[in-house]
Amino acid sequence: MNFKQIIKDSIIEQNTSSNLKVYLNQVYGWMTCGLLLTAFVSFYLAKYSSFLQIVYTHPYIIISLVIVQLITFIILSSFITKLNSTLLTAGFMFYSFITGVTITSIFSAYHYYDIANAFFITASMFGVTSIYGYTTKSNLGRFSNTLIMALTGIIIASITNIFLKNSILYLIINYVSVVVFIVLIAYDTQLLKKISEEVDFQDPSSIRRYSIYGALRLYLDFINLFLTVLKITGDRK
């Protein structure tokens with residue numbers, strides 16, 4: 001075997017590994033920033049009973065905010081390579097802010113210790129699953145279609161149960177959701193390794209854009225898993 005080729009391959013592998021670490025640090029850093037902003041906003045607004053009263057008496061406000069969330073997510077994920085990195089960052093922070101507003105009601109529905117307990121359970125599950133997604137040699141991409149169908153099924157079942165108000169179906173939806181989001185976290189973590197190959201590490205704006213995209217995906221996974229765990233483990237007031 002050519003000795004020069006071995007050295008060249010080794011250097012390329014080291015550079016790839018180094019670039020991946022830089023990218024993942026950025027992704028998890030921005031995801032953490034988003035989660036902290038969401039927590040701060042929801043906790044701050046929860047202290048004002050007048051705000052919660054407005055939300056409960058005018059449900060269209062939350063519906064409007066959810067629509068804004070959806071539009072923001074579509075824009076951020078669809079134009080990742082076209083939007084300015086600063087604009088993408090601002091968009092992600094805005095999305096995190098709006099999420100904080102929409103989940104404020106959990107502080108009136110659950111006790112603080114239930115919320116804290118759900119958070120630590122979620123953080124533990126997220127950490128373990130991310131490590132698995134990063135280290136596994138299995139191709140988790142084969143689950144992509146299954147995950148899409150599962151998420152669609154969860155949404156349809158959840159909407160249906162709003163009218164049925166079936167407690168057993170409610171539990172089934174939540175437990176299935178936990179499994180789906182766990183698999184999704186592992187899938188997205190592995191996907192980050194592929195996304196990093198698209199990043200131009202000589203261009204700071206490229207690093208930022210793809211980091212925000214990765215952070216957004218993991219942020220959504222964490223928030224959805226947290227809310228589902230809270231529904232299962234928390235006792236409503």
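The values are calculated or read from the model by the stated rules, or taken from the named source; none is laboratory data. Note that the structure is a prediction, hence the values are computed from the model and not measured. Cβ: placed from backbone, ideal geometry, glycine included. Neighbour counts: every protein chain shown.
Where the second residue is among the small types (Gly, Ala, Ser) and in a loop (DSSP other than H, G, I, E, B) and the first is surrounded by fewer than 17 Cβ atoms within 10 Å (Cβ to Cβ) and at pLDDT 95 or above and lies in the range 105-118, which pairs have Cβ atoms under 9 Å and are six or more apart or on separate chains?
What qualifies is ASN117/GLY234.
Across the range 129-146, what is the number of residues that are surrounded by fewer than 16 Cβ atoms within 10 Å (Cβ to Cβ) and either within 15 Å of the chain's Cα centre (by Cα) or not in a helix (DSSP H, G or I) (or both)?
4
In the range 81-118, which residues are more than 20 Å from VAL66 (Cβ to Cβ), of a type in the set (Ser, Thr, Tyr) and assigned to a helix (DSSP H, G or I)?
Selection gives SER85, THR86, THR89, TYR112, TYR113.
Which residue out of LEU184, LEU192, LEU164 is over 20 Å from LEU88 (Cα atoms) and modelled with pLDDT of 95 or more?
Selected residue: LEU184, the only one of LEU184, LEU192, LEU164 that is over 20 Å from LEU88 (Cα atoms) and modelled with pLDDT of 95 or more.
Pick from LEU164, LEU191: which is aliphatic (A, V, I, L, M) and either in contact (Cβ under 8 Å) with a residue 24 or more places away in the chain or touching an Asp or Glu at 6+ places or on another chain (Cβ under 7 Å) (or both)?
LEU191
Say we look at the range 180-204 and pick out the residues that are of a type in the set (D, E, K, R) and assigned to a helix (DSSP H, G or I); which of these is nearest to the chain's Cα centre (by Cα)?
ASP188
Residues that are among the hydrophobic types (A, V, I, L, M, F, W, C), in a helix (DSSP H, G or I), modelled with pLDDT of 85 or more and surrounded by 12 or more Cβ atoms within 10 Å (Cβ to Cβ): does the range 48-60 have at least one?
Residues of the range 48-60 among the hydrophobic types (A, V, I, L, M, F, W, C): 51-52, 54-55.
Checking the rest, the ones that are also in a helix (DSSP H, G or I) come to 51-52, 54-55.
If we keep only those that are modelled with pLDDT of 85 or more as well, we get none.
Looking through the range 48-60, none of the residues is among the hydrophobic types (A, V, I, L, M, F, W, C), in a helix (DSSP H, G or I), modelled with pLDDT of 85 or more and surrounded by 12 or more Cβ atoms within 10 Å (Cβ to Cβ).
Given the conditions (1) surrounded by 12 or more Cβ atoms within 10 Å (Cβ to Cβ); (2) at pLDDT below 95, which single one is not true for PHE92?
Condition (2) is where PHE92 drops out.
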